[in-house]
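Enquirer: Let me begin by handing over the structure; questions about it come next.
Nothing in this text is a laboratory measurement; each read-out follows from the coordinates by a stated rule. Remember, it's a predicted structure, so these values are computed and weren't measured experimentally. When we count neighbours, we look across all protein chains shown, and the Cβ atoms used for this are built from the backbone with ideal geometry, even at glycine.
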Amino acid sequence: MSETTTTDGAERRTISLSLNGSPLQVDVYPWITALDLLREQLDLIGTKKGCDHGQCGACTVLLDGRRVNACLTLAVMLDGHQLTTIEGLADGDELHPMQRAFVKNDAFQCGYCTPGQICSAVGLAGEGRIKDASDIRERMSGNLCRCGAYSNILAAIEEALPETAKAVRS
Ligand code: FES
Ligand code: FES
């Protein structure tokens, strides 16, 4: 990470990361969150801003494969890491198994929480500690759905978890 002074006189940091599989170098203010970097600077608006203080999970992304709230993560903390957002889950035109399961199970209504739910569920698969549906409910409790689509979200995650977990391990 290096420092740059910009035309507005403020000091920015140059960070390097892998974003959805592609290398990226970008200048960021030290106080900018990963969420604002994605949405405001990089125009990646799939990651949603709900509460903006760690309570709703709408902004969930994967940092080195682990789920984090982008609104609680400073952009400078991404330096040297791998960041995956909802835009990076599909393989070309082929949806990620978790995305397919959400579509198949009609696991949304307005869709605002959906990118965060899906990223969180993919991160959950990597954690490998799920024994049953109540485990899924508990470990997904940081992702709120104002539309109350919880039963279909649970069905989608139950369906895609084994395939996702296998992909994470391989
Ligand atoms: S927007 Fe980050 S947790 Fe709500
Ligand atoms: S589908 Fe509307 S908030 Fe979850």
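Enquirer: Taking the Cα centre of the chain as the origin, how large is its charge dipole in debye, to the nearest 20, when only Lys and Arg (+1) and Asp and Glu (-1) carry charge on their Cβ atoms?
Expert: Details: 16 positive and 22 negative charges, 104 e Å.
With Lys and Arg at +1 and Asp and Glu at -1, about 500 debye.
Enquirer: Rank ILE86, THR73, THR33 by how far each Cα sits towards the positive end of the charge dipole of region 2-88 (+1 on Lys, Arg Cβ; -1 on Asp, Glu Cβ) and give me just the farthest.
Expert: So the residue furthest toward the plus end is ILE86.
Enquirer: Compute the signed sum of charges (Lys and Arg +1, Asp and Glu -1) over the other residues within less than 13 Å, Cβ to Cβ, of GLU87. Please list the in-between numbers first.
Expert: Details: positive: ARG39, LYS48; negative: ASP43, ASP91.
Around GLU87, the surrounding residues sum to 0.
Enquirer: If I take all pairs of Cα atoms in region 97-169, what percentage of them are more than 18 Å from each other?
Expert: For region 97-169, the fraction of Cα-Cα distances above 18 Å is 27 percent.
Enquirer: While we're looking at this one, here's another question. If you bin every alpha carbon distance in the chain into 5 Å steps from zero, what whole percent lands in each bin?
Expert: With a bin width of 5 Å, the distribution comes to 1, 9, 18, 22, 19, 14, 8, 5, 3, 2, 0.
Enquirer: Can you tell me how much longer the chain between VAL103 and CYS51 gets when fully stretched, taken as 0.36 nm per residue apart minus their C-alpha distance, in nm with one decimal?
Expert: 16.2 nm
Enquirer: Counting Lys and Arg as +1 and Asp and Glu as -1, what is the net charge of the other residues whose Cβ lies under 10 Å from the Cβ of MET98?
Expert: Counting the neighbours of MET98, the net charge comes to -1.
Enquirer: Can you give me the long-range amide H partners of THR33? Hydrogens built in the peptide plane at 1.01 Å from N, cutoff under 5 Å, separation of 5 or more residues or another chain.
Expert: ALA75
Enquirer: Return one quarter of the surface area of the convex hull spanned by the alpha-carbon atoms of region 2-88, equal to its mean projected area, in nm². Could the numbers behind the result be given before it?
Expert: Details: hull surface 21.2 nm².
Average of the hull's projected areas for region 2-88 equals 5.3 nm².
Enquirer: Right, another one. Determine the sum of side-chain charges near GLY21: Lys and Arg each +1, Asp and Glu each -1, restricted to other residues whose C-beta is under 12 angstrom from that of GLY21.
Expert: Residues close to GLY21 contribute a combined charge of -2.
Enquirer: Put a dot 7 Å past each Cα toward the Cβ at GLN82 and ARG146; how far apart are the dots in nm?
Expert: 3.4
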